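The values are calculated or read from the model by the stated rules, or taken from the named source; none is laboratory data. Owing to the predicted nature of the structure, the values given are computational and were not obtained by experimental measurement. Note: ideal-geometry Cβ built from the backbone for every residue, glycine included; neighbour counts use all protein chains shown. Quick note on the areas: whole protein, heavy atoms, side chains included, nothing else; ligands and nucleic acids left out. Shrake-Rupley method; radii C 1.70, N 1.55, O 1.52, S 1.80 Å.
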Amino acid sequence: MNISLSPCFNLSGIISMNGDKSISHRALMFGAIAQSVTHITNLSTSEDVSSTERCLKQLGIKIVRQEGVTMVHGVGLRGFQRPLRPLDAGNSGTTMRLLTGLLVGQDFDAILTGDESLRKRPMKRILEPLSRMGASIKATTGNFAPLNIHGSPIFSTTYTMPIASAQVKSCLLMAALYARGVTTIHENAATRNHTELMLADFNVKIDVEAHRISIKGDQQLLANDIAVPGDVSSASFFLAAALLTPNSTVTIRNVGLNPTRLGFIRVLQKMGAQIVINPVISNQQEPFGDITVRTSPLRSITLTAETIPSLIDELPIFAIIASQAKGVTTVTGAKELRFKESDRLRAISHNLKQMGVEINELDDGFIIYGIQQLKGAHIDSYHDHRIAMAFSVAALIASGVTTIHDAECISISMPEFFQVMDSIIQNSNYYTTIV
Ligand code: S3P
């Protein structure tokens, strides 16, 4: 499906995001291996989270949705049933990597596969440390799904992660639940800590100190009620839209405010963005609150490796913002973007050039020269939801019409994207669908 988008000015209103995707995956998985029933409110509507739900159902987990609450009937650490067919993680790296951590220590074999994009994403990063823990997994050329997992006894380990990845960290923490003894993981840079926070919520004792996490195996998880905050990564597209579109003020309610996810907002504030955060006082582990943003003039910035994990998913939309910031913006230390749902450095650079922007693609980042007028263009989404949404925001301020090709991939994280955007656009017919 292709979507044609026209420029707009004046966005205003109060909106909410669907449930955070990262937190939703974890809530389903921990609910599945806990004792008794976990109630989840505001579970993400994304296709990625549906992939996790589908895989867990194949493993024998009863998951029921009723009046906005998702009930997960936990079966304990060792209650999964052997899946009769391969488990399909679809487009979701989080589903594949975290579920692998849960499956290595079972007493059955399982196959985990995914769509064409996921089957091209690197898995060695989890296979190598998992094999040190005793896991037995066969992968295509030692790196790619399908993963043939042979359930086996798991042993604790001490591991320093060579790349900053919350998916790798979480996969190892999942496996560590099945290990005898204490597993310790060292991170070289802080990544999102939803797994650590939620394990504590499920009554697991976990020690977190600076960049070191230790967890003892064989602890029982106790079911919990989880209220998932709005997805701050989905919110980034609306923050950007309001910042860049003239005469705009938008408030996003009940968004996750976990500090490990707020790099994008901190960077925008340094660039001059008017963003006000109102946290809600609650006793939940995951902080949340309202964010209000106004159209603001922006100046350029330099981002290096330490900042990248805190805004890794926001870099496509950040590149659009950089084209509207005065001066030269440089991003380095972001090679991980080449291993996401698409090669995002390639996709950003190709599509910004299509819109007439001067950009230098680096091996591990990009240099963008602002401020440049964007021109309506044909955009290749590379079947990547965040590329499609980033350039849908670019279309708001481009001259002429922008067409996003294969825009249906947006449902991977936010099926409601265009409805929400339409609800704050005051002055035009933003989109037309061309099938
Ligand atoms: C995620 C971690 C990040 C992020 C992804 C979700 C998670 O991936 O890009 O969208 O839920 O743990 P990496 O940990 O591989 O960087």
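Please give me, ordered by residue number, the trypsin sites (Lys or Arg not before Pro) of region 159-249 that lie in loop per DSSP and have at most 13 other Cβ atoms within 10 Å.
Working: sites: 169, 180, 192, 205, 212, 216; in loops: 192, 205.
Taking region 159-249 and a limit of 13 other Cβ atoms within 10 Å, the loop trypsin sites (Lys or Arg not before Pro) found are 205.
Give me the one-decimal Kirkwood hydrodynamic radius in Å for the chain, with the sum taken over alpha-carbon pairs. Mind dumping the intermediate values first?
Numbers: mean 1/r = 0.0455 Å⁻¹.
The Cα-based Kirkwood calculation yields 22.0 Å.
Leaving out ligands, DNA and RNA, and with a 1.4 Å probe, what % of the accessible surface on region 21-227 is carbon or sulfur? Please list the in-between numbers first.
Values: 4010 of 7970 Å².
Of the solvent-accessible surface of region 21-227, carbon and sulfur hold 50 percent.
With +1 on each Lys and Arg Cβ and -1 on each Asp and Glu Cβ, and nothing else charged, work out how big the dipole of region 63-110 is about its Cα centre, in Debye to the nearest 20. Provide the component values of the computation, followed by the final result.
Numbers: 5 positive and 4 negative charges, 4 e Å.
The dipole magnitude comes to about 20 debye.
Once phi is turned into ³J(HN,Hα) by the Karplus curve 6.51 cos²θ - 1.76 cosθ + 1.60 with θ = phi - 60°, what whole-Hz value does each residue of region 71-86 show in order, with x for glycine and proline?
Working through the residues one at a time gives 9, 10, 8, x, 10, x, 4, 10, x, 4, 9, 4, x, 7, 10, x Hz.
Given +1 on the Cβ of Lys and Arg, -1 on the Cβ of Asp and Glu, and no further charges, what dipole in debye does region 21-227 carry about its Cα centre, rounded to the nearest 20? Please report the intermediate quantities before stating the final value.
Numbers: 23 positive and 17 negative charges, 87 e Å.
For region 21-227, the charge dipole is close to 420 debye.
Once phi is turned into ³J(HN,Hα) by the Karplus curve 6.51 cos²θ - 1.76 cosθ + 1.60 with θ = phi - 60°, what whole-Hz value does each residue of region 18-35 show in order, with x for glycine and proline?
For region 18-35, the Karplus-derived couplings read 6, x, 4, 5, 4, 5, 5, 3, 5, 4, 5, 5, 5, x, 5, 9, 8, 8 Hz, x marking Gly and Pro.
Please check: in the Gaussian network model of the chain (C-alpha springs, under 10 Å), which one of 43, 197, 98 has the largest mean-square fluctuation.
Among 43, 197, 98, the largest GNM mean-square fluctuation belongs to 197.
On average, how much accessible surface per residue is there in region 21-227, in Å², for a 1.4 Å probe, leaving out ligands, DNA and RNA?
So region 21-227 comes to 39 Å² accessible per residue, rounded to a whole number.
Would you be so kind as to identify which of 112, 130, 262 lies farthest towards the positive end of the dipole of the chain, taking Lys and Arg as +1 and Asp and Glu as -1 on Cβ and the Cα centre as origin?
Selected residue: 130.
Treating the beta-carbon of each Lys and Arg as +1 and of each Asp and Glu as -1, no other charges, what is the dipole magnitude of the chain about its Cα centre, to the nearest 20 debye?
580
Would you be so kind as to identify which of 359, 325, 197 lies farthest towards the positive end of the dipole of the chain, taking Lys and Arg as +1 and Asp and Glu as -1 on Cβ and the Cα centre as origin?
197
Rounded to the nearest angstrom and ordered from largest down, what semi-axes does the equivalent ellipsoid of region 21-227 get from its C-alpha gyration tensor (root of 5λ)?
Working: eigenvalues 102, 83, 54 Å².
One finds semi-axes of 23, 20, 16 Å for region 21-227.
Is region 333-393 best put as rounded, prolate or oblate by its Cα gyration tensor, with a ≥ b ≥ c the root eigenvalues, rounded for a/c under 1.5, and otherwise prolate when a/b is larger than b/c, oblate when not? Before the final figure, lay out each step's value.
Values: a/c = 2.25, a/b = 1.16, b/c = 1.93.
It comes out oblate by the Cα gyration axes.
Once amide H atoms are placed 1.01 Å from N in the peptide plane, what residues at a sequence separation of 5 or more from residue 106, or on another chain, have their amide H within under 5 Å of its amide H?
Those lying under 5 Å, H to H, from residue 106 are 152.
What does the accessible area per residue of region 317-435 come to in Å², with a 1.4 Å probe and no ligands, DNA or RNA counted? Can you show the working numbers first?
On the way: 4250 Å² over 119 residues.
Averaged over the residues of region 317-435, the accessible area is 36 Å².
For the chain, set up a GNM with springs between Cα atoms under 10 Å and report which of 336, 53, 209 has the largest fluctuation.
209
Considering only 222, 91, 271, whose Cα is most displaced toward the positive end of the charge dipole of the chain, charges sitting on Cβ of Lys, Arg (+1) and Asp, Glu (-1)?
Of the options given, the answer is 222.
Choose one answer from 334, 110, 200: the residue with the largest mean-square fluctuation in a GNM of the chain with alpha-carbon springs under 10 Å.
Looking only at 334, 110, 200, the biggest GNM fluctuation is shown by 200.
May I ask for the Rg/Rh ratio of region 242-314, computed from Cα atoms with Rh as the Kirkwood radius, given to two decimals? List each step's numbers first, then the result.
On the way: Rg = 13.1 Å, Rh = 13.2 Å.
The Rg/Rh ratio comes out at 0.99.
Using all Cα-Cα distances in region 100-177, what percent lands in each 10 angstrom bin from 0 up to the longest?
Pairs per bin, as whole percents: 20, 56, 23, 1.
Sum -39500 (n - 2.57) across every DSSP H segment of at least 4 residues in the chain, then divide by the residue count to get the 222 nm mean residue ellipticity, nearest 500.
My calculation for the chain gives -8500 deg cm²/dmol from helical runs alone.
Roughly how many Å is it from the Cα centre of region 362-403 to that of region 297-323, as a whole number?
The distance from the Cα centre of region 362-403 to that of region 297-323 comes to 14 Å.
Which far-off residues, 5 or more places away or on another chain, put their amide H under 5 Å from the one on residue 75, with H placed in the peptide plane?
33, 34
Can you list residues from other chains, or at least 5 along the same chain, whose modelled amide H is less than 5 Å from the amide H of residue 11?
Here the answer is 248, 249, since their amide H atoms fall under 5 Å of that of residue 11.
List, in order, the whole-Hz ³J(HN,Hα) value for each residue of region 384-393 obtained from phi through the Karplus relation with A = 6.51, B = -1.76, C = 1.60 and θ = phi - 60°; use x for Gly and Pro.
These are the phi-based 3J(HN,Hα) values: 10, 3, 6, 5, 4, 6, 4, 7, 5, 6 Hz.
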